[in-house]
Amino acid sequence: ISLANQIAAGEVVERPASVVKELIENSIDAGATQIEIDIEQGGAKRIRLRDNGAGIVQDELALALSRHATSKISSLDDLEAIQSLGFRGEALASISSVSRLRLTSKPPAQETAWQAWVEGRDMEVQTSPAAHPDGTTVDVVDLFYNTPARRKFLRTAKTEFSHIDEVIRRIALVRFDVALTLRHNQKEVRQYRRADSDSARQQRLAQICGKAFAAEALQVKAEHDQVQLRGWIAPAASCRHQSDIQYLYVNGRMMRDRLLLHAVRQAYADTLAEDRSPSFVLYLELPAIDVDVNVHPAKHEVRFHRARQIHDFVVQALRPALVQSAS
Ligand code: ADP
Ligand code: MG
């Protein structure tokens, strides 16, 4: 079981930032509105996340660490099976197999909190009562301590932390309803407050993308045939904002989709003489049946069933804002 977990972990738990991403997604899935993330030494030493979500009941705590753990893979020769191993339902088990992980949780309706961790050669799940407010804490210590080859691949604490920072930025840009705090070595580095109003959202946008971008970006809002595009796009002549503001979300998930990037570039090229690298934060929403996000969840790939139409819609949707900015 632990071998299978480690193999799965090797595929998706690339670095501390991927752990942070999985943990935040779990918190958000649990309805958390407040998430605190504590990082030590770029995450190599510790990644601790605390949320105020629904929690995990005592009976399911052990399951959360061992879910989908099967004995299907018993040796490394089983290559076929290894490649078919997905990551869904395996994040905690995988992370737990390559770190010292402690999961502590208290659903509001449960009187005491409980804690679970794996121990020993057989990686058996242990549980005990614990002290914890409503919600969940996942404490990941010594990431990759038992996979030295992976640990060697970690960069400096500063670099690993900057990846974590970016993962959190990406989430903060799409979940304005969730408050996020990020600390590195006990020092508060980011504080994204809950943003329920337009002005609060504008403030968070400025915090993440810079004041210049927030001030100059033009709002995008278009809808056609159940497909909606919203967000902000920087006007032509402004290049004062920081580079690399290229955030694209499809149904709430950050994507690096070629088709969409192409559409954005084309919209720029159509309206503007210069060929600048565009800056944007865009949210595409479309019916779930029109899109297949399972192509590779970790690689931000997506497949549209009406690719041509989606592409052209995005080009059309961006044009008015860009034309306005060019004049
Ligand atoms: P998945 O998220 O794909 O179900 P994970 O391994 O990430 O798999 O999590 C396993 C399970 O543990 C989740 O399905 C959920 O029931 C529970 N869980 C994990 N993190 C939390 C959390 N922060 N709050 C509540 N439940 C959680
Ligand atoms: Mg998960």
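Annotations
- Checked against the criterion of being under 18 Å from residue 180 (Cα atoms) and assigned to a strand (DSSP E or B), the candidates 203, 219, 191 yield just one match: 191.
- Taking first residues from region 136-148 that are touching a residue at least 24 places away in the same chain (Cβ under 8 Å) and closer than 12 Å to residue 50 by Cβ and partners that are of a type in the set (Ser, Thr, Tyr) and part of a helix (DSSP H, G or I), the Cβ contacts under 8 Å between residues at least 6 apart in sequence or on separate chains come to 136/27.
- Looking across region 17-27, the residues that are away from ligand 1 (no atom under 11 Å from the Cβ) and of a type outside the set (Ser, Thr, Tyr) come down to 17, 20.
- Hey, residue 111 of a type outside the set (Gly, Ala, Ser), modelled with pLDDT of 95 or more and loosely packed, with under 14 Cβ neighbours inside 10 Å or not: yes
- Matching option when the condition is under 21 Å from residue 255 (Cβ atoms), in contact (Cβ under 8 Å) with a residue 12 or more places away in the chain and of a type outside the set (Gly, Ala, Ser), among 194, 175, 190, 183: 175
- Of all residues in region 28-64, those that are near ligand 1 (Cβ under 8 Å from one of its atoms), surrounded by 17 or more Cβ atoms within 10 Å (Cβ to Cβ) and under 25 Å from residue 123 (Cα atoms) total 4.
- Number of positions in region 127-169 that are at pLDDT below 95 and polar (S, T, N, Q): 2
- Taking the listed residues 125, 138, 174, 167, the one that is assigned to a strand (DSSP E or B), within 28 Å of residue 191 (Cα to Cα) and out of contact with any Asp or Glu (no Cβ under 7 Å at 6 or more places or on another chain) is 138, with no other qualifying.
- Selection from region 171-184 of residues that are charged (D, E, K, R) and crowded, with 18+ Cβ neighbours inside 10 Å: 175
- Each residue in region 128-164 was checked for being over 30 Å from residue 109 (Cβ atoms), acidic (Asp, Glu) and crowded, with 18+ Cβ neighbours inside 10 Å, and 1 pass.
The values are calculated or read from the model by the stated rules, or taken from the named source; none is laboratory data. Computed from a predicted model, the values in this text were never measured in an experiment. Don't worry about glycine lacking a Cβ; one is built from the backbone with ideal geometry, like all the others, and counts go over all protein chains shown.
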